[in-house]
Every structure is written in structure tokens, then in C-alpha cells.
Amino acid sequence: MSDCNLKSILEKIARKYNCKIWINKKIGRRISFIEKAGNEYYLPPMVVYEDDKFIIFVENLKRSDEEFKKLIQEVVDCARNN
């Protein structure tokens with residue numbers, strides 16, 4: 001087990017970027033919810049990350065910068081190690 005806390009990283013992103021964010025694990029053609037943070041905005045979700053194992057969605061993302069990309073990679077690394 002890793003010492004990272006997936007929920008706290010997602011909450012940091014949700015607070016900083018005023019969005020809802022959640023990560024899912026791909027299982028064949030299906031996806032399985034892992035964790036989320038942020039308020040519901042009832043907007044269409046956007047895929048901000050996808051690979052062969054994980055997919056990350058956001059709602060209400062107004063901007064994406066280098067720090068956002070680093071935090072997303074931290075989420076993926078944390079999910080891989082758990």
C-alpha cells in the first residue's frame with residue numbers, strides 16, 4: 001500500500017479549480033467508480049485523463065494549467081499504487 005491519499009488529492013483539485021472530479025478503473029469494456037470530490041454541477045463531464053487502466057472525469061473545469069496536469073498525474077500514480 002502507498003502512503004498517498006487519493007481522496008485528499010481529489011479534494012485539493014476540486015477546491016483549487018472549483019470542479020467535480022472523479023476517477024474510475026477500466027475493467028474490460030466497463031468502468032468502475034473509485035473515488036470523487038467536489039460539488040455536483042449537472043454539466044456534461046469531460047475526460048481529462050485516460051489510459052488502459054484509468055479514466056478521470058471533471059465537471060465545470062474552467063482552466064487547466066501545468067499544476068493541474070501534475071496533480072492529475074499524482075492521482076493516477078496514487079491509484080496505481082493502491
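Coordinate-derived values only; no laboratory data. What you are looking at is a predicted structure, and each value in this text was computed from that prediction instead of being measured. Every residue, glycine among them, receives a Cβ derived from its backbone with ideal geometry; neighbour counts consider all protein chains shown.
Some observations on this one:
- Global size of the chain as Cα Rg and Dmax, reported in angstrom: 11.9, 34
- By the beta carbon rule, with partners counted only under 4.7 Å, the chain holds these lone Cys residues: C19.
- For the range 47-69 versus the range 26-40, the gap between their alpha-carbon centres in whole angstrom: 13 Å
- Couplings 3J(HN,Hα) of the range 63-77, computed from phi: 8, 9, 10, 4, 5, 4, 4, 5, 5, 4, 5, 5, 4, 5, 4 Hz, in residue order, whole Hz [Karplus 6.51 cos²θ - 1.76 cosθ + 1.60, θ = phi - 60°; x for Gly and Pro].
- Short-range pairs are left out: with C-alpha atoms under 8 Å and at least six residues apart, the relative contact order of the chain is 33 percent.
- The string of couplings for the range 31-41 from the Karplus curve (6.51, -1.76, 1.60, θ = phi - 60°) is 10, 10, 4, 10, 7, 9, 7, x, 8, 6, 10 Hz, one whole number per residue in order, with x for Gly and Pro.
- Size of electric dipole in the chain: Cβ of Lys, Arg +1 and of Asp, Glu -1, about Cα centre, debye, nearest 20: 220 debye
- Partner aspartates and glutamates for K36 [C-alpha distance under 17 Å; skip if fewer than 8 residues away on the same chain]: E11, E50, E59, E74, D77
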